[in-house]
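Undergrad: Okay, handing you the structure first.
The values are calculated or read from the model by the stated rules, or taken from the named source; none is laboratory data. It should be emphasised that the depicted structure is a prediction, and the values quoted were computed from it without experimental measurement. Here the Cβ is made from the backbone with ideal geometry for all residues, glycine too, and neighbour counts use every protein chain on show.
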Amino acid sequence: MKLFVEVNSTENLRLILESQADICVIGLRGFCGERIMSVTFEELVPLITIIHDHGKEVCLFFPYILLQSHFKTNEETLKQVAHLNLDYIACGDVGLGYFLKQHQSKAKLIFMNETMIANTFDAHTFLESGFDLFTPAIDITLDKKRIFAHKMPKQALFQLCGTHLISTSHRPLLRSYYDVINKEDGPNQVKLKELSRDAKYFGLEDDQGFHVFHDRLLVLDDPTFLACDYGYLSSLFVNVKETLLWIEMLKNHTFSYDTVKHHSTLHVYHGLEETDKGLEAGT
Amino acid sequence: MSVELLAPAGDLLRLKVAFDFGADAVFIGGKAFSLRARASNFTMDDIQQGVKIAHDRGKKLFVTVNIVPHEDNFEGIEQYLTQLNAMGVDAIIVASIAMGKISKRVAPNMEVHISTQVSAANEHALRFYKSLGFDRVVLARECSLEDVRAMVNLNILPIEVFIHGGMCVNVSGRCTLSNHMSLRDANRGGCAQSCRWRYELTSLDEQTMISDPNLTFTMSSKDLNATPHLKELLEMNVASLKIEGRMKSEYYVATIVNAYRHFIDHVDELDEDNHVASTLVELSKAASRATFDGFYKTLPHSSSILYGVNGGGINQDFVGVVRKIEGDRMWVEVRNVFNENDVLEVFGPNHENRQWIVSNMRNEDEESITRAYQPMSWVSMPCIHPIEIDEFIRKVTP
């Protein structure tokens, strides 16, 4: 299995380059907020060389939708991105993927969206349209994820461990709230707690908006997923030492729910067991 | 190219009302494959009737097939789409490109419109969907007027934009708050609107309270009302202006559609500022949450969020529908209480609003009454002029 690992800082990068990770996931400034470590286009070119020199591949991650005006302003840069010596480009915006394909991107294109591909029929349609890999929706049940693993083990990129995004808003919701309660110095990373229950979530605000992440680590340790060609580790809100441990466990075949739980300061879960109430809810 | 005014309908009654009050097309949900599971939604027989009502008036009917389907949700889809095609449905609205492609294969007469659930926000997304053979894109609600204009001018695909109704605070289709907080799948019709709940904020280590206990954090968005930018949208030749709200009442549909129809039809005749102001007044007569103008001009800030407010928007101003005219009296089907001497206003698609003071009411037994209170009962009163059957009556709040 080739392992994608998100890089969150320059310090993390140094440690991950020394690890057994196969692919470093980084971002381009102005396109990924604070979701992962980001660099300018000028910094990107030498960074790719450094990562390659360590025997690892590079994935440039664009997690969010791109508005027309933002896209147009940066179109020349994005054309140049297509011709860089990148190994993978992960797109949360289908238009960006299509654009890169039209400009003969050398990198393999990943359609990386948390919700849109919840069945293999859609997955095949995206692959036929030019994408090379895809991420199955995160919030489908384990049984439904296994369908992807069985049918498309070479194209499905599963998040095996880490926190995960559960909503993203283009609005600066934290800053707006701070304005209303006259709190000028509020932090851009918070914990949200539902008042009606004790459930908690991470909140992050950056130049791309306000994003909510689950505060539990999603762990897929089932052999079905570990037998796929690709795996992904997200590391936002996680101590890099934990991330390094996951890499080691995955490469040494000792990765499991229990071992992750044992070493983590965060709660751990297998993902939602049931999200099937949608079609029946309230009818 | 004349713009299409596209309205929602949760059942046949609201579909007919939407057309009566000026919609060019109506979108509905079937019993299967559609979001808004809590809307009453249409049986196949209802859809057939809806197509007939639409086509008899030279108008169009669209059906939402806009769930993000799981593996087992494809069962029966080909048969369903084939049936919709045979009925003459003009278009389906999809969030799944696989379902869109299936429709193109088995239901070639129906257009495929890409839902806002896929959050298409740039010209390259439009090119992608065009490459798949689809016919229209409903843009992400995060697009500004300039974004919309730029994409319309490229003439890649017809573009539909929202002008009124509920707003997801998050990027549509990319939110699973409901899935996690209530195990109800937001992208398959079960959204519990968890964004509207109240949350406490702390530091990451939970040691420091950040939120104000007297005004807790929420992500509860105000509704969209694009009236201030409607003239610009009309001038840039978008294909369709969409009103959200398949779960809204017949009165809401009538009021909102009527106001926008009036704006569109008279856009060149009236002073813009006054036209906007009078339209805003008309729209405010429908039950609604507080509104804002979306992302069209600026990035929404605190004024787009409902802090410390629970929903709201129910009013009882809608008091009846004109059902019959007999000589110099009209029969009104009662919806909410009204009394003798109340000031009422009748509105409909063919006339300016008319007001009068209620007097000389009689019930179905021809007895004189001073109060109409029984929902769905009929009361008669002297006609005002002009008057038409199926016009709506509301109470004028002093």
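Undergrad: Go through B:93, B:102, B:77, B:97 for me and flag whichever is under 22 Å from residue B:6 (Cβ atoms) and free of Cβ contacts under 8 Å to residues at least 60 places away in the same chain. Can you show your working first?
TA: Values: B:93 fails: free of Cβ contacts under 8 Å to residues at least 60 places away in the same chain; B:102 fails: under 22 Å from residue B:6 (Cβ atoms); B:77 fails: under 22 Å from residue B:6 (Cβ atoms).
None of the others qualify; the one that does is B:97.
Undergrad: Related question: Does residue B:237 qualify as being without any contact (Cβ under 8 Å) to a residue 24 or more places away in the chain, more than 14 Å from chain A (Cβ to nearest Cβ), of a type in the set (S, T, N, Q) and over 20 Å from residue B:18 (Cβ atoms)?
TA: On the way: without any contact (Cβ under 8 Å) to a residue 24 or more places away in the chain: no; more than 14 Å from chain A (Cβ to nearest Cβ): yes; of a type in the set (S, T, N, Q): yes; over 20 Å from residue B:18 (Cβ atoms): yes.
In short, no.
One line per residue, one yes/no per condition, for (1) aliphatic (A, V, I, L, M); (2) modelled with pLDDT under 95:
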position	(1), (2)
B:30	no, yes
B:38	no, yes
B:62	no, no
B:78	no, no
B:82	no, no
B:94	yes, no
B:97	yes, no
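Undergrad: Determine whether residue B:246 is within 24 Å of residue B:300 (Cα to Cα) and within 14 Å of another protein chain (Cβ to nearest Cβ).
TA: Working: within 24 Å of residue B:300 (Cα to Cα): no; within 14 Å of another protein chain (Cβ to nearest Cβ): yes.
The answer is no for residue B:246.
Undergrad: Do you know which residues across region A:99-125 are buried (at least 24 other Cβ atoms within 10 Å of the Cβ) and of a type in the set (Phe, Trp, Tyr)?
TA: A:99, A:111
Undergrad: The conditions are (1) farther than 30 Å from residue B:389 by Cβ; (2) surrounded by 14 or more Cβ atoms within 10 Å (Cβ to Cβ), and residue B:267 fails exactly one of them. Which is it?
TA: It fails just one condition, (1).
Undergrad: Looking at A:203, A:186 in this structure, which one is within 26 Å of residue A:27 (Cα to Cα) and in a loop (DSSP other than H, G, I, E, B)? I'd like the intermediate steps shown before the answer.
TA: Working: A:203 fails: in a loop (DSSP other than H, G, I, E, B).
Going through A:203, A:186 in turn, the sole match is A:186.
Undergrad: With respect to the numbered conditions (1) surrounded by fewer than 24 Cβ atoms within 10 Å (Cβ to Cβ); (2) facing chain B (nearest Cβ under 7 Å); (3) free of Cβ contacts under 8 Å to residues at least 24 places away in the same chain; (4) not in a loop (DSSP other than H, G, I, E, B), which one is the sole condition not fulfilled by residue A:191?
TA: (3)
Undergrad: List, please: which pairs have Cβ atoms under 6 Å, are six or more places apart or on different chains, and start with a residue in region B:246-260 that is farther than 12 Å from residue B:15 by Cβ and β-branched (Val, Ile, Thr) and end with one that is outside any helix (DSSP H, G or I) and modelled with pLDDT under 95?
TA: B:255/B:285; B:255/B:286; B:256/B:286
Undergrad: Does any residue of region B:343-358 turn out to be over 24 Å from residue B:141 (Cβ atoms), in contact with a Ser or Thr (Cβ under 6 Å, 6 or more places away or on another chain) and of a type in the set (Phe, Trp, Tyr)?
TA: Taking region B:343-358 first, the residues over 24 Å from residue B:141 (Cβ atoms) are B:343-358.
Of the ones still in play, those that are also in contact with a Ser or Thr (Cβ under 6 Å, 6 or more places away or on another chain) are none.
No: region B:343-358 contains no residue that is over 24 Å from residue B:141 (Cβ atoms), in contact with a Ser or Thr (Cβ under 6 Å, 6 or more places away or on another chain) and of a type in the set (Phe, Trp, Tyr).
Undergrad: I've got another one for you. For residue A:41, state whether it is of a type in the set (A, V, I, L, M, F, W, C), within 14 Å of chain B (Cβ to nearest Cβ) and either in contact (Cβ under 8 Å) with a residue 12 or more places away in the chain or farther than 14 Å from residue B:121 by Cβ (or both). Walk me through it before giving the result.
TA: Working: of a type in the set (A, V, I, L, M, F, W, C): yes; within 14 Å of chain B (Cβ to nearest Cβ): no; either in contact (Cβ under 8 Å) with a residue 12 or more places away in the chain or farther than 14 Å from residue B:121 by Cβ (or both): yes.
The answer is no for residue A:41.
Undergrad: Quick check on region B:340-352. Is at least one of its residues without any contact (Cβ under 8 Å) to a residue 24 or more places away in the chain and assigned to a strand (DSSP E or B)?
TA: Restricting attention to region B:340-352, the residues satisfying the condition of being without any contact (Cβ under 8 Å) to a residue 24 or more places away in the chain are B:341, B:352.
So of that shortlist, the ones also assigned to a strand (DSSP E or B) come out as B:352.
Among the residues of region B:340-352, at least one is without any contact (Cβ under 8 Å) to a residue 24 or more places away in the chain and assigned to a strand (DSSP E or B), which makes the answer yes.
Undergrad: Here is a check on your reading of the model: is residue B:275 out of contact with any Cys (no Cβ under 8 Å at 6 or more places or on another chain) and at pLDDT below 95?
TA: Numbers: out of contact with any Cys (no Cβ under 8 Å at 6 or more places or on another chain): yes; at pLDDT below 95: yes.
It is true that residue B:275 is out of contact with any Cys (no Cβ under 8 Å at 6 or more places or on another chain) and at pLDDT below 95.
Undergrad: Is region A:212-225 home to any residue that is part of a loop (DSSP other than H, G, I, E, B), touching a strand residue (DSSP E or B) at 6+ places or on another chain (Cβ under 8 Å) and of a type in the set (A, V, I, L, M, F, W, C)?
TA: Yes, there is a match, as at least one residue in region A:212-225 is part of a loop (DSSP other than H, G, I, E, B), touching a strand residue (DSSP E or B) at 6+ places or on another chain (Cβ under 8 Å) and of a type in the set (A, V, I, L, M, F, W, C).
Undergrad: Could you pull out the residue among B:252, B:260 that is of a type outside the set (Gly, Ala, Ser), part of a helix (DSSP H, G or I), more than 23 Å from residue B:158 (Cα to Cα) and assigned by TED's automatic domain parsing to the domain that holds residue B:291?
TA: Values: B:260 fails: more than 23 Å from residue B:158 (Cα to Cα).
Answer to the check: B:252.
Undergrad: Exactly one condition in (1) surrounded by fewer than 17 Cβ atoms within 10 Å (Cβ to Cβ); (2) polar (S, T, N, Q); (3) under 14 Å from residue B:6 (Cα atoms) is false for residue B:274; which is it?
TA: It is condition (3) that residue B:274 fails.
Undergrad: Could you please find all residues in region A:226-274 being closer than 21 Å to residue A:166 by Cβ, in a helix (DSSP H, G or I) and either out of contact with any helix residue (DSSP H, G or I) (no Cβ under 8 Å at 6 or more places or on another chain) or not polar (S, T, N, Q) (or both)?
TA: Answer for region A:226-274, where residues must be closer than 21 Å to residue A:166 by Cβ, in a helix (DSSP H, G or I) and either out of contact with any helix residue (DSSP H, G or I) (no Cβ under 8 Å at 6 or more places or on another chain) or not polar (S, T, N, Q) (or both): A:242, A:246, A:257, A:260, A:261.
Undergrad: If you don't mind, there's one more thing I want to ask. Return a yes/no flag: does region B:202-219 have any residue that is away from chain A (no Cβ under 11 Å) and either modelled with pLDDT under 95 or surrounded by fewer than 24 Cβ atoms within 10 Å (Cβ to Cβ) (or both). Working first, answer last.
TA: Of the residues in region B:202-219, the ones away from chain A (no Cβ under 11 Å) are none.
For region B:202-219, residues away from chain A (no Cβ under 11 Å) and either modelled with pLDDT under 95 or surrounded by fewer than 24 Cβ atoms within 10 Å (Cβ to Cβ) (or both): absent.
Undergrad: Here's something else I'd like to know. In region B:275-297, which residues are of a type in the set (Gly, Ala, Ser) and part of a helix (DSSP H, G or I)? So that I can check it myself, show each step before the final result.
TA: From region B:275-297, those of a type in the set (Gly, Ala, Ser) are B:277-278, B:284, B:286-288, B:290, B:294; that's our starting set.
Result: B:277, B:278, B:284.
Undergrad: A follow-up question, please. Please go through region A:150-184 and pick out each residue that is among the β-branched types (Val, Ile, Thr) and within 10 Å of chain B (Cβ to nearest Cβ).
TA: First, pick out the residues of region A:150-184 that are among the β-branched types (Val, Ile, Thr): A:163, A:166, A:168, A:180-181.
Passing the criteria: A:166, A:168, A:180, A:181.
Undergrad: Inspect all residues belonging to region A:134-149 and state whether any of them is farther than 27 Å from residue B:157 by Cβ, more than 11 Å from chain B (Cβ to nearest Cβ) and among the acidic types (Asp, Glu). First the steps, then the outcome.
TA: We begin by selecting, within region A:134-149, every residue farther than 27 Å from residue B:157 by Cβ; these are A:136, A:138-149.
Applying the additional criterion that residues be more than 11 Å from chain B (Cβ to nearest Cβ) yields A:142, A:149.
So of that shortlist, the ones also among the acidic types (Asp, Glu) come out as none.
Within region A:134-149, none of the residues are farther than 27 Å from residue B:157 by Cβ, more than 11 Å from chain B (Cβ to nearest Cβ) and among the acidic types (Asp, Glu).
Undergrad: Restricting the search to region B:161-200, which residues are aliphatic (A, V, I, L, M), at the interface with chain A (Cβ under 7 Å from one of its Cβ atoms) and farther than 29 Å from residue B:144 by Cβ?
TA: B:181, B:183
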